[in-house]
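Below: the structure, in structure tokens.
The values are calculated or read from the model by the stated rules, or taken from the named source; none is laboratory data. Small disclaimer: the values here were computed from a predicted structure and weren't measured. Ideal geometry is used to build each Cβ from the backbone, glycine not excepted, and the neighbour counts take in all protein chains shown.
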Amino acid sequence: MARELDKLRKRLALRRREINERTQKSERMVPLMFQRHEEAREEPEVYVYPERNEPRASTDRQGLLLFRTLISICLFLVIAIVFQSNAAPLQPLRAGVEQAFEQEFQFAAIAHWYEQQFGQPLALIPSNDQFALGDPDQDEERMVFAVPASGVITESFEQNGRGVLVETGVGAEVEAAKSGYVIEINNSEEGKMVTLQHYDGSESIYGMIDNVAVNVYDHIEAGTKIGTASRAEDGEKGVYYFALKQGENYVDPSDVIRFD
């Protein structure tokens, strides 16, 4: 009987050594299943988990962020030096930077491309099954401008050089000639001036506007109210200014719109 007990103790001691060796090599503790109650009772209660190397992902992200910050600071300093210096070799670079900052961002074109690829953005473009006049994907017959407000041209494109003056009724509503984004609202001596940018990059400009009903970056459809025409000098009629711009060139509005 004593001999059997000695053999059992040796087997338990051997089993404990094997279990301890496996535990030190493994990364996680795996529950052990015992065949006999004596083995479970002799199993040690405390295990020491092996050390694990912490991931370096967070460190890599911090390094990338620091690198981008340094690049941004360097670019800022370079631009500051270019604008402070009068050296002739730096003048082309200065002109290029000025042009990049002065050039208007094509909000309408980017938004239309996004809509084609991914659908209408929920926060930017209201859901509407009707397409607007001037959508570049529609047939050519639809590629027209709606008249902002019917009236008579009192100053032609040849006389003005950029747009036309249209005489209309007192308090007449001036509407968007084409769908797009409001990119600018300025004050002038004659009244407010509203600029819309359309999907194809062209712009329509509405001047001498009272009671402006839109805000900058609003997306509006053709026919949306921009505001009302200001009063003429005689006070009996309304008048507004309208211009079309393609790139850097102005286009005669009377070539594409009938105002009467």
(request) Consider V174 carefully, then state whether it is in contact with a Ser or Thr (Cβ under 7 Å, 6 or more places away or on another chain) and β-branched (V, I, T). (result) yes
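For every residue, the table says whether it meets (1) in the same structural domain as A149 (by TED's automatic domain parsing); (2) within 19 Å of R162 (Cα to Cα); (3) of a type in the set (S, T, Y).
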position	(1), (2), (3)
V174	yes, yes, no
G180	yes, no, no
I185	yes, yes, no
S202	yes, yes, yes
Y206	yes, yes, yes
I226	yes, no, no
A232	yes, no, no
(request) Could you please find all residues in segment 203-218 being within 23 Å of the chain's Cα centre (by Cα) and modelled with pLDDT of 90 or more? (result) E203, S204, V214, N215, V216, D218
(message) Tell me yes or no: at least one residue of segment 68-82 is at pLDDT 65 or above and outside the structural domain of G96 (by TED's automatic domain parsing).
(response) no
(request) Assess whether Y199 counts as being over 23 Å from the mean Cα position of the chain (by Cα), crowded, with 16+ Cβ neighbours inside 10 Å and touching a residue at least 24 places away in the same chain (Cβ under 8 Å). (result) no
(message) Let me confirm something: among E248, E221, which residue is modelled with pLDDT under 95, surrounded by fewer than 16 Cβ atoms within 10 Å (Cβ to Cβ) and either among the polar types (S, T, N, Q) or assigned by TED's automatic domain parsing to the domain that holds A146 (or both)?
(response) E248
(message) Given the options L124, L133, name the one that is at pLDDT below 90 and under 16 Å from V256 (Cα atoms).
(response) L133
